[in-house]
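Single-structure report; data block below.
The values are calculated or read from the model by the stated rules, or taken from the named source; none is laboratory data. Quick caveat, the model's predicted, so the values are computed rather than measured. Glycine also receives a Cβ, built like all others from the backbone with ideal geometry; neighbour counts cover every protein chain displayed.
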Amino acid sequence: MVVDTAKLILNSMPSKARLVVSGIGEEYQASMVEMMDAIHSSEKKENRRCIVLFPTDDARTFEDLCNERHERKNQLDDTDDKIEEETFDVIIMDGTWTQARKIHSKYIPKEKDGGPPRVCLSQTSLDILVGGGDSINTIKDEVDNNGESNGRQLRRHPIKWKEISTLEATRLLLRDMTVMGGENLLAKNGKQFHEILPEYQRISDAAAINQLGPHRTS
């Protein structure tokens, strides 16, 4: 398609994001080296963890991960601050669900095998998505009362959360992280990344509709 969500995310946060292309080895892209290092070394790095946005059965919300961190802290001596100021490497896969599952199984070890934890969206973020409504026929309908895209893909799916776009899932995860104190997610002009991504979602929606035409009615 004319829209490449991964590149939209990269362009929206160029100082933070890295683009990794599946199937191209580490010798040809430094970003693959960075990703694999984050996956396999995060537990060895002080105050830095890798998380993967993917809806597995054992996925937890970011708040759950933070609560687990606080529980670990409580088990340590009160003067020990080793897990304070924790930062995160976030892996997000873009593609069809079939492609995403293949990437997930190829590159990301299971958590029980030492891989990074999977994170899902909070209920609040899911409520924000669902609140966008189901009647979507034109680009005007894709924008809510606040002027933000509701984040649904152009394809419809009987499982509603599978209609969410990669870009909107990223935005809502960053929102969850910001709510839990992610001050390091400041982008530009004092805005958080999750506050500037809707503009890129609107660009994506408009370009896709221009390429594909209006929604089919059946």
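Could you pull out the residue among ALA17, ALA6 that is within 23 Å of PHE193 (Cα to Cα), modelled with pLDDT under 90 and among the aliphatic types (A, V, I, L, M)?
Details: ALA17 fails: modelled with pLDDT under 90.
Of ALA17, ALA6, the one residue that is within 23 Å of PHE193 (Cα to Cα), modelled with pLDDT under 90 and among the aliphatic types (A, V, I, L, M) is ALA6.
Filtering the range 117-129 to residues that are at pLDDT 90 or above and out of contact with any helix residue (DSSP H, G or I) (no Cβ under 6 Å at 6 or more places or on another chain) leaves ARG118, CYS120. Among the numbered conditions (1) more than 15 Å from GLU168 (Cα to Cα); (2) modelled with pLDDT under 90; (3) under 15 Å from the mean Cα position of the chain (by Cα), the only one that LYS73 does not meet is (3).
Looking at ILE203, ILE159, ILE108, which one is modelled with pLDDT under 65 and either within 23 Å of LYS7 (Cα to Cα) or under 20 Å from the mean Cα position of the chain (by Cα) (or both)? Give the derivation first.
Details: ILE203 fails: modelled with pLDDT under 65; ILE108 fails: modelled with pLDDT under 65.
ILE159 is the lone residue from the list that is modelled with pLDDT under 65 and either within 23 Å of LYS7 (Cα to Cα) or under 20 Å from the mean Cα position of the chain (by Cα) (or both).
Close Cβ contacts (under 8 Å, 6 or more residues apart or on different chains) running from residues in the range 41-53 that are surrounded by fewer than 17 Cβ atoms within 10 Å (Cβ to Cβ) and at pLDDT 65 or above to residues that are hydrophobic (A, V, I, L, M, F, W, C) and not in a strand (DSSP E or B) comprise ASN47/ILE83.
Within the range 101-132, which residues are assigned to a helix (DSSP H, G or I), hydroxyl-bearing (Ser, Thr, Tyr) and surrounded by 13 or more Cβ atoms within 10 Å (Cβ to Cβ)? Correct list: TYR107, THR124, SER125.
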